[in-house]
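J.: Quick one: structure below, then a few questions.
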Amino acid sequence: MGEATFPTVVLAADVHFDPGGHFRYSCVESVSVIHCRTGRGHVVAGTERIALERGTLVVLPWGVDQQFAADASSPLGIGAVHLIPAHSATEPVVTGISTNAHHALAGHPARRDDAAPVLRRPFVGSAGDYPHLVGVLRHAVRLYDDRPPPTELLQALGILLRHELRSLDSPRRAPGEVALPADVDAVVRHIDANLAAAVTVRGLAEVGGCTEVTLTRRFRDVLGVPPMAWVIERRLRRATDLLRTTTLPVAQIGSRCGYPDPYYFSRAFRARYGESPARWRRTQGLT
């Protein structure tokens, strides 16, 4: 039997930047959850630049270089919470995070990203779509305001945060909306977790444990569209999120969303939104 571990929140704080202010952590050994509270700026995570404005929610994977900066004409305020996905249950919890290879906490034996990482690449979304996650973040920051909370509370926060992070790719529902039936929900979650992969109705039916005919009927009954139409909608929705909140090249965004052929991506995007991905990005005031 493996060593017992708990997800644990080891740091939570509000961070404020004056216009043009910036800082860099060369290697952060935590899963970092960032909520932009005020102002505008950006974070560069590894090689990916992510725009920050009020309401932007960003989750950065373990071990990436992080560079934050406020716009030259705007201050920036963020809430940052750092999760150790697997902290030894038998070792004392030391608050704080390792921010470079020479930090005292670098490679700490009691801390690790677990065998099933929360995420392998940055996640970008809107805080309004994830109210429960944002509530956990705000609560963690409040608890850390005076002094670090006791270990039991840090572990409880970690369990709550880990639970919310695992739901990031689930389709969001309006308050009061009825949850999807379990069989359809399982397939929808699989689609959202595998948008870059090749998808077939046969493969989705295997996930749902039913025939292709039954899956198609269930999707039409519950969601109003057949399975592949749902896949296209989710892929293009993710593409608009990445076009709006990152500076990734259009071709790379297409590849991440299941369109390795840039021409086919542009054609599918234009059919849905009436203009090419590059033009759509410009009309949103982005470059």
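J.: Return yes or no: is V15 within 23 Å of A140 (Cα to Cα), β-branched (V, I, T), surrounded by 18 or more Cβ atoms within 10 Å (Cβ to Cβ) and in the same structural domain as L154 (by TED's automatic domain parsing)? Give the derivation first.
T.: Numbers: within 23 Å of A140 (Cα to Cα): yes; β-branched (V, I, T): yes; surrounded by 18 or more Cβ atoms within 10 Å (Cβ to Cβ): no; in the same structural domain as L154 (by TED's automatic domain parsing): yes.
No; evaluated as a whole, the condition is false for this residue.
J.: Out of segment 216-231, which residues are in a helix (DSSP H, G or I), over 20 Å from the mean Cα position of the chain (by Cα) and of a type outside the set (D, E)? So that I can check it myself, show each step before the final result.
T.: So in segment 216-231, the residues in a helix (DSSP H, G or I) come out as 216-222, 227-231.
Filter once more, so that each one left must be over 20 Å from the mean Cα position of the chain (by Cα): 216-222, 227-230.
T216, R217, R218, F219, R220, V222, P227, M228, A229, W230, listed by residue number.
J.: Take the conditions at pLDDT below 90, basic (K, R) and within 19 Å of the chain's Cα centre (by Cα) and apply them to R244. Does it pass? First the steps, then the outcome.
T.: Numbers: at pLDDT below 90: yes; basic (K, R): yes; within 19 Å of the chain's Cα centre (by Cα): yes.
Yes, satisfied.
J.: Somewhere in segment 161-178, is a residue at pLDDT 90 or above and not β-branched (V, I, T)?
T.: Yes, the conditions are met somewhere in segment 161-178.
J.: Please indicate, with yes or no, whether at least one residue in segment 8-21 is within 28 Å of Q252 (Cα to Cα) and in a strand (DSSP E or B). Don't jump to the end; show me each part of the working.
T.: If we filter segment 8-21 for residues that are within 28 Å of Q252 (Cα to Cα), which is where we start, we get none.
Looking for residues that are within 28 Å of Q252 (Cα to Cα) and in a strand (DSSP E or B), one finds none in segment 8-21, hence no.
J.: When you look at S88, is it at pLDDT 90 or above, closer than 22 Å to P149 by Cα, over 17 Å from the mean Cα position of the chain (by Cα) and among the hydroxyl-bearing types (S, T, Y), yes or no? Quick ask: steps written out before the conclusion?
T.: Details: at pLDDT 90 or above: yes; closer than 22 Å to P149 by Cα: yes; over 17 Å from the mean Cα position of the chain (by Cα): yes; among the hydroxyl-bearing types (S, T, Y): yes.
Yes; evaluated as a whole, the condition is true for this residue.
J.: Within segment 233-250, which residues are in a helix (DSSP H, G or I) and crowded, with 16+ Cβ neighbours inside 10 Å?
T.: R234, R235, L236, R238, A239, T240, D241, L242, L243, R244, T245, V250
J.: For segment 25-35, give me each residue that is in contact with a Ser or Thr (Cβ under 7 Å, 6 or more places away or on another chain) and either surrounded by 23 or more Cβ atoms within 10 Å (Cβ to Cβ) or of a type in the set (D, E, K, R) (or both).
T.: E29
J.: Assuming Q284 fulfils every condition listed in (1) in contact (Cβ under 8 Å) with a residue 40 or more places away in the chain; (2) surrounded by 16 or more Cβ atoms within 10 Å (Cβ to Cβ) apart from one, which condition is it?
T.: For Q284, the failing item is (2).
J.: Let me ask something additional. Taking the condition assigned to a strand (DSSP E or B) and surrounded by fewer than 22 Cβ atoms within 10 Å (Cβ to Cβ), does H108 pass?
T.: no
The values are calculated or read from the model by the stated rules, or taken from the named source; none is laboratory data. Quantities reported herein were computed from a predicted structural model and do not represent experimental measurements. Cβ: placed from backbone, ideal geometry, glycine included. Neighbour counts: every protein chain shown.
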